[in-house]
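Single-structure report; data block below.
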Amino acid sequence: MAYFDGTESGRLISRLTNDVNMMMAPIQSSLSSLLNNIFMLFGGVIFCYIKSYRLSMLAFVTVGPIMYLWDLYANWSKRLNRQMLASWAEGNSIASQSLSHIRTVKAFGTEEMEIKEYTAANKEALRAGV
């Protein structure tokens, strides 16, 4: 219960909507690409053995470093995606709180401050995304 008391509803809603969509996007787009790449890999290995065993040894030597670099890129990309989603959640939280307490915002004349905070959160998400 303490987690829900300390976390804004806009942040929770954003995490529910954006995180699920971000998790499903790679699965939908990458499954066919993965199958295609597996067939290309096996076909390339067979072709290398048919043409030259030296060429096949060269292919095996280069696969390891490529997989290592791909893992580094995946971890870096995951960190940036988390930053982007956290910034979107912050922006959603600001907008949700401002809209649910619009009378207070209007009474104290803090529209510009709320807009600046929302813009800053979205700029941070854009920076992480780019």
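The values are calculated or read from the model by the stated rules, or taken from the named source; none is laboratory data. Worth saying up front: this structure is predicted, and the values here are computed from it rather than measured. A quick note on method: Cβ atoms are made from the backbone with ideal geometry, for glycine too, and the neighbour counts reach across all protein chains shown. Only protein heavy atoms, including side chains, enter the accessible area calculation; ligands, DNA and RNA are left aside. Shrake-Rupley method; radii C 1.70, N 1.55, O 1.52, S 1.80 Å.
Things to note:
- Among residues of the range 106-125, those that are modelled with pLDDT of 90 or more and of a type in the set (Phe, Trp, Tyr), counted: 1
- Flag for residue 32 being among the hydroxyl-bearing types (Ser, Thr, Tyr) and surrounded by 10 or more Cβ atoms within 10 Å (Cβ to Cβ): no
- Meets criteria (without any contact (Cβ under 8 Å) to a residue 60 or more places away in the chain and farther than 21 Å from residue 10 by Cβ) for residue 87: no
- Residue ID - surrounded by the fewest Cβ atoms within 10 Å (Cβ to Cβ), chosen from residues in the range 106-130 that are within 19 Å of residue 81 (Cβ to Cβ) and aliphatic (A, V, I, L, M): 130
- Look at the range 91-106: where a residue is touching a residue at least 24 places away in the same chain (Cβ under 8 Å) and a partner is open to solvent by 20 Å² or more (accessible area, probe 1.4 Å) and among the aliphatic types (A, V, I, L, M), sitting 6+ places away or on another chain with Cβ atoms under 8 Å, you get 92/13; 96/13.
- Candidate set: the range 79-105, residues that are at pLDDT 85 or above and open to solvent by 100 Å² or more (accessible area, probe 1.4 Å); chosen: the one farthest from the chain's Cα centre (by Cα): 79
- Only one of the listed residues (55, 16, 69) is modelled with pLDDT under 80 and either open to solvent by 90 Å² or more (accessible area, probe 1.4 Å) or assigned to a loop (DSSP other than H, G, I, E, B) (or both). That residue is 16.
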